[in-house]
There are 2 protein chains.
Amino acid sequence: MTPEEINKGLSYITYGLYIVTTAYDGQKNGMIVNTVFQVTAQPARVAISVNKQCLTHELISKSGVFAAMPLDESATLPFIGTFGFRTGRTFDKFAKIPYEIGFLGCPIVKEHTLSYLEVEVQQTIDVGTHTLFIGEVKDVGVLNADAKAMTYDYYHHVIKGKTPARATHIS
Amino acid sequence: MTPEEINKGLSYITYGLYIVTTAYDGQKNGMIVNTVFQVTAQPARVAISVNKQCLTHELISKSGVFAAMPLDESATLPFIGTFGFRTGRTFDKFAKIPYEIGFLGCPIVKEHTLSYLEVEVQQTIDVGTHTLFIGEVKDVGVLNADAKAMTYDYYHHVIKGKTPARATHIS
């Protein structure tokens, strides 16, 4: 079975697109992921998969908290690119982005986002190139109730977005 | 923060809908989940969240393998109900369903499904009411390339489907 065949079979899984942020010791960062998912209802627990090479991975490992915000269909490629295709090591991703600091200290991005959830990490699972951060939802809020969630399919076919090298999948 | 507020904030996460199957010692079973997601690209690893009370949970724990098949929009409520709202403890879910046995021994449902992936479980993570089964994709195939994936949103708003009590979330 070739990698292309494997990727084709996996391409039918449905995802959204999310900004994931965190902050530690005065340093904040954020990135784009497609893997945010609720894993239990009681209590409400959420998991994300983050590449170990990303600055956000390093900061979540230290802070033990993250925020996740589903993007809506109004998000443009430059907006997504700010979080998804640049590194926070050399660039302040929040310089031109409206945000507030949330209950757990994470930046809550208020533009092109439907809602936010802030999560306290309880389990850190090594899955190889990536880490699953799993934790309990400590705060949530609705930012834009009437907008439509951007699916990963919409990102690829309407926004014409690409997949970065550190993603959980190959485009 | 009330459970209703938490659920509202979490409702903007995008999911698909999947049949997850397994077989152990001649006993096969399947269920509906909305949490199937790729967590690494190299190698291709997938995670699912399964309620501990489900028969499928018991059988995956024993067999160490599962298959996942994204549903397409043609899936009817009775079809979904066969897998999602009945227990395999007292009912053969496959009696009237076209399927084949896959490479790892899991039933591959060929109706109302876009593709299949068979996964060998490598990590079993206790997340409370549910278990995350994480493993490597060993076989995949496309069943219906031209159909459209059923999103969880479509299931709720077009199919008018409900959320069972053992789900990873509250509807």
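Name the single residue, out of those in region A:43-56 being of a type outside the set (Gly, Ala, Ser) and in a strand (DSSP E or B), that is nearest to the other protein chains (Cβ to nearest Cβ).
Filtering first and then ranking leaves A:Arg45.
Within region A:144-170, restricting attention to residues that are farther than 15 Å from A:Ile32 by Cα and in contact with a His (Cβ under 9 Å, 6 or more places away or on another chain), which residue is surrounded by the fewest Cβ atoms within 10 Å (Cβ to Cβ)?
A:Asn144
Keeping to region A:1-30, report how many residues are within 14 Å of A:Ser63 (Cβ to Cβ) and either of a type in the set (Ser, Thr, Tyr) or assigned to a strand (DSSP E or B) (or both).
Counting residues in region A:1-30 that are within 14 Å of A:Ser63 (Cβ to Cβ) and either of a type in the set (Ser, Thr, Tyr) or assigned to a strand (DSSP E or B) (or both) gives 9.
Would you mind stating whether A:Gly141 is surrounded by fewer than 21 Cβ atoms within 10 Å (Cβ to Cβ) and within 7 Å of another protein chain (Cβ to nearest Cβ)?
yes
All but one of (1) in contact with a Leu (Cβ under 7 Å, 6 or more places away or on another chain); (2) more than 23 Å from A:Thr76 (Cα to Cα); (3) buried (at least 22 other Cβ atoms within 10 Å of the Cβ); (4) without any contact (Cβ under 8 Å) to a residue 60 or more places away in the chain hold for A:Tyr18; state the number of the condition that does not hold.
(2)
Looking at B:Leu10, B:Leu55, can you tell me which residue is touching a Ser or Thr at 6+ places or on another chain (Cβ under 7 Å) and among the aliphatic types (A, V, I, L, M)?
Step by step, each of B:Leu10, B:Leu55 is checked, and only B:Leu55 is touching a Ser or Thr at 6+ places or on another chain (Cβ under 7 Å) and among the aliphatic types (A, V, I, L, M).
For region A:4-42, which positions are farther than 16 Å from A:His130 by Cα, in contact with a Phe, Trp or Tyr (Cβ under 8 Å, 6 or more places away or on another chain) and facing chain B (nearest Cβ under 7 Å)?
Across region A:4-42, the qualifying residues are A:Gly9, A:Ile13, A:Thr14, A:Tyr15, A:Gly16.
Looking at A:Thr56, A:Thr21, which is the one that is modelled with pLDDT of 95 or more, hydroxyl-bearing (Ser, Thr, Tyr), in contact with a strand residue (DSSP E or B) (Cβ under 7 Å, 6 or more places away or on another chain) and more than 19 Å from A:Ala149 (Cα to Cα)?
Within the list A:Thr56, A:Thr21, the selection yields A:Thr56.
I'd like the residue in region B:87-109 that is of a type outside the set (A, V, I, L, M, F, W, C), surrounded by 13 or more Cβ atoms within 10 Å (Cβ to Cβ) and at pLDDT 95 or above and, out of all such residues, is nearest to A:Met1 (Cα to Cα).
For region B:87-109, the residue satisfying everything is B:Gly102.
Wholly within region A:69-171, which strands (runs of 3 or more DSSP E) include no fewer than the required count, namely at least 3 residues that are closer than 20 Å to A:Ser49 by Cβ?
Filter on region A:69-171 gives A:115-126, A:130-142.
Could we say that B:Val46 is in contact with a helix residue (DSSP H, G or I) (Cβ under 9 Å, 6 or more places away or on another chain) and closer than 26 Å to A:Thr163 by Cβ here?
yes
For residues in region A:62-86 being of a type in the set (A, V, I, L, M, F, W, C) and either under 27 Å from B:Ile170 (Cα atoms) or touching a strand residue (DSSP E or B) at 6+ places or on another chain (Cβ under 7 Å) (or both), which is surrounded by the fewest Cβ atoms within 10 Å (Cβ to Cβ)?
The qualifying residue surrounded by the fewest Cβ atoms within 10 Å (Cβ to Cβ) is A:Ile80.
Kindly check whether there is at least one residue in region A:50-70 that is among the β-branched types (Val, Ile, Thr) and more than 27 Å from A:Gly128 (Cα to Cα).
No, because not a single residue in region A:50-70 is among the β-branched types (Val, Ile, Thr) and more than 27 Å from A:Gly128 (Cα to Cα).
Can you tell me which residue in region B:113-138 is surrounded by the most Cβ atoms within 10 Å (Cβ to Cβ), limited to those that are of a type in the set (D, E, K, R) and more than 9 Å from every other protein chain (Cβ to nearest Cβ)?
For region B:113-138, the residue satisfying everything is B:Glu118.
With respect to A:Leu59, determine if the residue is surrounded by 22 or more Cβ atoms within 10 Å (Cβ to Cβ), without any contact (Cβ under 8 Å) to a residue 40 or more places away in the chain and more than 10 Å from chain B (Cβ to nearest Cβ).
Against the criterion (surrounded by 22 or more Cβ atoms within 10 Å (Cβ to Cβ), without any contact (Cβ under 8 Å) to a residue 40 or more places away in the chain and more than 10 Å from chain B (Cβ to nearest Cβ)), A:Leu59 qualifies.
Tell me which residues, restricted to region A:149-162, are at the interface with chain B (Cβ under 9 Å from one of its Cβ atoms) and of a type outside the set (A, V, I, L, M).
Of everything in region A:149-162, those that are at the interface with chain B (Cβ under 9 Å from one of its Cβ atoms) and of a type outside the set (A, V, I, L, M) turn out to be A:Thr151, A:Tyr152, A:Asp153.
The values are calculated or read from the model by the stated rules, or taken from the named source; none is laboratory data. Not measured: the values here are computed from a predicted model. Every residue, glycine among them, receives a Cβ derived from its backbone with ideal geometry; neighbour counts consider all protein chains shown.
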